[in-house]
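Novice: Sending over a structure as C-alpha cells; questions will come in a sec.
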Amino acid sequence: MKSIPKAALSGSLKDYRALKNSGLMARADSFFSWQDLRRQHGLWPYARSTSSAPRPRSDIRTDAGKATSGVNFASQDYLSLSSHPRIKAAAREAIDKYGVHSAGSAALLGNTAYSLQLSAAFSEFLGGREVVLYPTGWAAGYGAIQGFVRSDDYVVMDMLAHSCLQAGAAAATQKVQYFRHLDSDAVARRLANIRAADTKNNILVVTESLFSMHSDTPDLRALRSVCDAYGASLLVDCAHDLGCMGEDGLGHIGQQGMLDEIDIIIGSFSKTFASNGGFVAVKTRAAAEYLRYYSAPHTFSNALSPVQAATVLEALSIIRGREGKELRHKLRDNVNHLRESMARSGREVLGEPSPIVPVRVGGEALGRLASKYLSLFAGIANLVEFPAVPLGQSRFRFQVMAAHAAEDIEAMVATFNRAMDSAAEELDQIQGETGAQQVALPGAGKTPTALDDTLTEA
C-alpha cells in the first residue's frame, strides 16, 4: 500500500484562504501544493464531472481525469426531471424558437415569452406573489438582500445560512449579526438588543426552510412572531425543499402553513426544477419593481436563457400535476429507505427526512479515506468536511432522487459500510506507523464559531 503523507490527511481549505506574509498569487501556490498532494493519493473528491446524465447510475471522472462509474447519490436532481421526456422536448422547442441565449439583461431586452410565462406560473404556484427571476439561485439569494437592505439597516441571520445570503448581507450593510442555528429565542434576543438602541431602521431576519448540510428546518411561525414583535421582515430561502417536498410541492413553507406569512421567499431551480436559475417572490408589484432595478445580479446579469425558462416552466407543470405528487411520494419513500438502512447498519444519520441524507463520519482524515474507498467500490456521494461543517464533524451528504430503485439504495449502504470499514482499517495502520493516537488537524480542540470555523452551506 502506498504510504499516505500526514499532510494529505490534515489541513483544510481555511488554512490557505488568507496566508499571512504571502503575495496575492503565492497563497494559491501553497494551496495547490496541499490540494495536489491529496489528489495524488486519491483524497481529493471535489470537482468531479459526469460523463453521462445525472441518473441513479452514472459515469463520472475525477478532476485528474480518472473514469469511474457507480450508484449515484451525489447529484441534485431530486425528482429526476433532468432527463424527463417532456423536459427535453420543451428544451428542444425553445431552441427551435429562440436559439440558446437570452442576449440581454432582464432589465433591458433579455426576457422572452418563456420567462414571462414562468414568472406568471410561479406567481400562481406561490399564491399570487410577484416573482422576479434570476440567472442562478446564488444570484437570487445575494440579490434579494443586496437589493432591499441599505447601510443603516440590520441583517440578523442563522449562522449556517448559505454563502449567497452571507455575501449579500456583507455587500449591503456592516450591521450583520448571526444567531445560533434554529434558535428563535436567540433571534428574539438579537432583535431586542437592536431595538433597545435603534427603533427606526429596518431589520431583516434571514433563514432557510431546509439546511442542506444538516437536513433540518426552523420553526417559521416562531420566527414570524419574533419578527412581528420587533418590527422586522423575514426572508426564507427554500432552495432544497420547494417542489420536492409536501403534498402540494410547497416544501416546509407549505407544511408549516407559512406561505402568506413570509415577506421574501427565494429559491433555486437547480435542485428540483431541472435547470439553473432562481427567483425572489415578494408580496407587492412595487417591491418586485424596486428589486428589478436595485438588485445588481438582476440588472447587470443576462436573463435566464429561453431554454432554461422553458425547462423550468415544464418542470413546474409536472411538479404541480399528478405525476409530480407521485414523484414526491417515491422520493419520500426512497429517503426513508436510505435513512432507515443507514441507521440499521449503525451509521449516524443527521436531521429530518428530506432529499438530503447527511451521514456523520467524524474526523477529517477518516472522511477522506472513506471517500477514496467509496469511489474505488463504485459508490458516488459527496464528502463534506471542515470548514464547510464544524471541525471533526465531516459527513457524507447523500442526495436522493425519485428514480433511485430499492436496489440502488441497498447497494449504496453496503458500499458505504465497506468503504468506512476499509478507511478505519487504513487509518489505524497509519496511526500505528506514526505512533500517534490520531492524525492531528490544525485548530483541533477549538470550538467552532459561525464565521471563523464554519463556512456556509452549498
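Novice: Quick one: work out Rg over Rh on the C-alpha atoms of the range 334-430, Rh as Kirkwood radius.
Specialist: Reported Rg/Rh, Kirkwood definition of Rh: 0.95.
Novice: How long are the semi-axes of the ellipsoid equivalent to the range 1-88, from square roots of 5 times the Cα gyration tensor eigenvalues, in whole Å, largest first?
Specialist: Numbers: eigenvalues 229, 60, 22 Å².
With the √(5λ) rule applied to the range 1-88, the semi-axes are 34, 17, 10 Å.
Novice: For a footprinting-style exposure proxy, rank 236, 176 by other Cβ within 10 Å, fewest first.
Specialist: Arranged by neighbour count, lowest to highest, 236, 176 become 176, 236.
Novice: Could I ask something else about it? Order by neighbour count: 412, 213, fewest other Cβ atoms within 10 Å first, most last. Let's see the in-between values first.
Specialist: On the way: 412 28, 213 23.
Listing 412, 213 from fewest to most nearby Cβ atoms yields 213, 412.
Novice: Something else about it: Using a 7 Å offset from the Cα along the Cα-to-Cβ direction at both residue 49 and residue 340, what is the distance between the two label points in nm, to one decimal?
Specialist: It works out to 4.1 nm between the two label points.
Novice: Roughly what % of Cα-Cα distances in the range 133-190 sit above 14 Å, to the whole percent? Present the calculation step by step, with values, prior to reporting the outcome.
Specialist: On the way: 869 of 1653 pairs.
The share of Cα pairs beyond 14 Å in the range 133-190 comes to 53 percent.
Novice: Give or take rounding to whole Å, what are the principal axis extents of the alpha carbon atoms in the range 85-320, in descending order?
Specialist: On the principal axes, the range 85-320 reaches 59, 37, 29 Å in Cα extent.
Novice: Could you give each residue of the range 33-42 its phi-based ³J(HN,Hα) in whole Hz, using Karplus coefficients 6.51, -1.76, 1.60 with θ = phi - 60°, and x for Gly or Pro?
Specialist: In residue order, the calculated couplings are 4, 5, 4, 5, 4, 5, 4, 4, 9, x Hz.
Novice: Roughly how far apart, in whole Å, are the Cα centres of the range 149-167 and the range 379-410?
Specialist: 27
Novice: Next up: Let me have the 222 nm mean residue ellipticity of the chain computed from DSSP H runs of 4+ only, each contributing -39500 (n - 2.57), with the sum over all residues rounded to the nearest 500. The partial results should precede the final answer.
Specialist: On the way: 15 runs with 192 residues, N = 458.
Calculated at 222 nm, the ellipticity per residue is -13000 deg cm²/dmol.
Novice: Next question, about the same structure. How much length would be gained if the chain were fully extended between residue 108 and residue 121, taking 0.36 nm per residue of separation minus their Cα-Cα distance, in nm to one decimal?
Specialist: The residue 108-residue 121 span can extend by a further 2.5 nm.
Novice: Give me the percent relative contact order of the range 214-315, please, defined on Cα pairs under 8 angstrom at least 6 residues apart.
Specialist: Working: 112 pairs, mean separation 20.7, N = 102.
In percent, rounded to a whole number, it is 20.
Novice: For the range 161-211, what is one quarter of the convex hull surface built on the Cα atoms, given in nm²?
Specialist: Details: hull surface 15.1 nm².
Mean orientational projected area (the range 161-211, Cα hull): 3.8 nm².
Novice: Hey, what did the range 85-320 get for relative contact order, percent, Cα under 8 Å, at least 6 apart?
Specialist: Working: 481 pairs, mean separation 78.0, N = 236.
RCO, the range 85-320: 33 percent.
Novice: Going by amide H atoms built from the backbone, whose H comes under 5 Å of the H on residue 208, apart from near neighbours?
Specialist: Residues meeting the amide H criterion: 237.
Novice: Moving on. Between residue 300 and residue 329, how high is the FRET efficiency from 1/(1 + (r/R0)^6) when r is the Cβ-Cβ distance and R₀ = 51 Å? Nearest 0.05.
Specialist: Between residue 300 and residue 329 the formula returns 0.80.
Novice: How much of the pair distance distribution for the range 53-152 lies past 15 Å, counting alpha-carbon pairs only, in percent?
Specialist: Tail fraction, whole percent: 77.
Novice: Now for a different question. log₁₀ I(q)/I(0) of the range 165-252 at q = 0.17, 0.23 Å⁻¹, via Debye over equal Cα point scatterers, no solvent, to two decimals?
Specialist: Each listed q corresponds, in turn, to -0.76, -1.22.
Novice: Among 223, 369, rank each residue by its count of other Cβ atoms within 10 Å, from fewest to most, as a rough exposure measure. Before the final figure, lay out each step's value.
Specialist: Working: 223 24, 369 28.
Taking fewest neighbouring Cβ atoms as first place, the list is 223, 369.
Novice: In whole Å, how far is the Cα centre of the range 285-299 from that of the range 312-351?
Specialist: Taking the Cα centre of the range 312-351 as reference, the centre of the range 285-299 is 34 Å away.
Novice: Continuing with this model, one more query. Work out the FRET efficiency for residue 88 and residue 406 from their Cβ-Cβ distance, taking R0 = 22 Å, and round it to the nearest 0.05.
Specialist: The calculated FRET efficiency here is 0.25.
Novice: Do any of 88/325; 271/330; 271/325; 88/372; 88/283; 20/372 go past 28 Å between their Cα atoms, and which? Intermediate values should be presented prior to the final figure.
Specialist: Working: 88/325 20 Å; 271/330 16 Å; 271/325 16 Å; 88/372 34 Å; 88/283 33 Å; 20/372 32 Å.
In this structure, 88/372; 88/283; 20/372 lie more than 28 Å apart at Cα.
Novice: Please give me, ordered by residue number, the chymotrypsin sites (Phe, Trp or Tyr not before Pro) of the range 3-46 that lie in loop per DSSP and have at most 16 other Cβ atoms within 10 Å.
Specialist: Those satisfying the criteria are 46.
Novice: Now for a separate question. Which log10 I(q)/I(0) values does the chain give at q = 0.07, 0.09, 0.11, 0.12 Å⁻¹ under the Debye formula, counting every alpha carbon as one identical point scatterer?
Specialist: -0.37, -0.62, -0.94, -1.11
Readers should treat all values here as calculations from the given coordinates under stated rules, not as data from a laboratory. Just so we're clear, the structure is a prediction, and the values are computed from it rather than from any experiment. Backbone-built Cβ (ideal geometry, glycine too); neighbour counts: all protein chains shown.
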